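> Have a look at the structure that comes next, please.
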Amino acid sequence: MIEILTKLSDRCVQVIEVAAAGVLLTQPDGCLQYVASSHESAEVIALFQMQSVAGPSAGCLADGHAIVNYTLAVDDARWPHFAPLAVREGFHTAHCLPLRIRDYVLGALNLFHNENGSLNDDDLAVAQGLADIATIAIVQHQEFLDAKTLNDQLSSALWSRIIIEQAKGMISQSAHCGMDEAFTRLRTYARNHNKRLTDVARSIVEGTLDAVAADPPLTALQK
């Protein structure tokens, strides 16, 4: 699930040309859970939404309606805690689309623009299409599972996220780089070696893959 939703976030940045994208899912108890994002900044925003239960995702999940072209401001009255943080991360406009199957909302796709960014009708159609594809993938994955198995799968996905975060921290410390660059190094290595992101992260955490010397420098990996 994490692999699919991470690719979804990347495609949103590439196709719609937003600055960042991220996905939050609803847990069985109704709480939000961060799952994937395209950039470290989007991850920070997603985690803050989880902790404060405020922001576009909470609003979108509450009524199942999309939030489009919402201009963020430091003195925002609607989300007085969320908006200033988003502005400090460099975002100017927020959008949130529901991952919905019939009347049930599985989660939300968050999109963020920098200065003067917005979604037109064509962009919105593409974004909703990507959100629908993610929803179908999640539903197909879940329909063969009973409630207990689904909870086990979600727990496994959340544990994978913890492993990825640990690997990012180790790369950041060893390579003396920021968390954004650390995640890029991790993801690039996985892509170049046709391996799952979580498997590479686990190898780094377990010490079977060196956090810095596994490959040439980042610039070479990205060529």
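The values are calculated or read from the model by the stated rules, or taken from the named source; none is laboratory data. Predicted, not measured: the structure shown is a model, and the values here were computed from it. Every residue, glycine as well, gets a Cβ built from its backbone with ideal geometry; the counts of neighbours run over all protein chains shown. Each accessible area value is taken on the protein alone, full model and side chains, heavy atoms only, with ligands, DNA and RNA left out. Shrake-Rupley method; radii C 1.70, N 1.55, O 1.52, S 1.80 Å.
> With the requirement that a residue be open to solvent by 20 Å² or more (accessible area, probe 1.4 Å) and β-branched (V, I, T), what does region 77-103 give you?
If the condition is that a residue be open to solvent by 20 Å² or more (accessible area, probe 1.4 Å) and β-branched (V, I, T), then V87, I101 are the ones that fit.
> Which of the following residues is touching a helix residue (DSSP H, G or I) at 6+ places or on another chain (Cβ under 7 Å) and assigned to a strand (DSSP E or B): R100, R11?
Details: R11 fails: assigned to a strand (DSSP E or B).
Step by step, each of R100, R11 is checked, and only R100 is touching a helix residue (DSSP H, G or I) at 6+ places or on another chain (Cβ under 7 Å) and assigned to a strand (DSSP E or B).
> In addition: Residues of region 111-136 being of a type in the set (D, E, K, R) and either open to solvent by less than 10 Å² (accessible area, probe 1.4 Å) or under 17 Å from L8 (Cα atoms) (or both), which ones? Full working, then the answer.
So the first thing to find is which residues in region 111-136 are of a type in the set (D, E, K, R), and the list is 115, 121-123, 132.
Matches in region 111-136: D123, D132.
> Can you go through L25, L97, L72, L109 and tell me which one is within 28 Å of A190 (Cβ to Cβ) and touching a Ser or Thr at 6+ places or on another chain (Cβ under 9 Å)?
L109
> What number of residues within region 14-41 are small (G, A, S) and either open to solvent by 10 Å² or more (accessible area, probe 1.4 Å) or assigned to a helix (DSSP H, G or I) (or both)?
The first filter runs over region 14-41 and keeps only residues small (G, A, S), leaving 19-22, 30, 36-38, 41.
If we keep only those that are either open to solvent by 10 Å² or more (accessible area, probe 1.4 Å) or assigned to a helix (DSSP H, G or I) (or both) too, we end up with 19, 30, 41.
Number of matching residues: 3.
> Moving on. Return the only residue of A175, A147, A108 being within 20 Å of A19 (Cα to Cα), modelled with pLDDT under 90 and either out of contact with any His (no Cβ under 6 Å at 6 or more places or on another chain) or open to solvent by less than 20 Å² (accessible area, probe 1.4 Å) (or both).
Testing whether each residue is within 20 Å of A19 (Cα to Cα), modelled with pLDDT under 90 and either out of contact with any His (no Cβ under 6 Å at 6 or more places or on another chain) or open to solvent by less than 20 Å² (accessible area, probe 1.4 Å) (or both) leaves just A108.
> Only one of (1) farther than 21 Å from V13 by Cα; (2) open to solvent by less than 70 Å² (accessible area, probe 1.4 Å); (3) not in a strand (DSSP E or B) fails for V74. Which number is that?
Evaluating V74 over (1) farther than 21 Å from V13 by Cα; (2) open to solvent by less than 70 Å² (accessible area, probe 1.4 Å); (3) not in a strand (DSSP E or B) leaves (2) as the failure.
> Those residues that are part of a helix (DSSP H, G or I) and farther than 18 Å from H39 by Cβ, I need them from region 112-130; list them, please.
Restricting attention to region 112-130, the residues satisfying the condition of being part of a helix (DSSP H, G or I) are 121-130.
If the condition is that a residue be part of a helix (DSSP H, G or I) and farther than 18 Å from H39 by Cβ, then D121, D122, D123, L124, A125, V126, Q128, G129 are the ones that fit.
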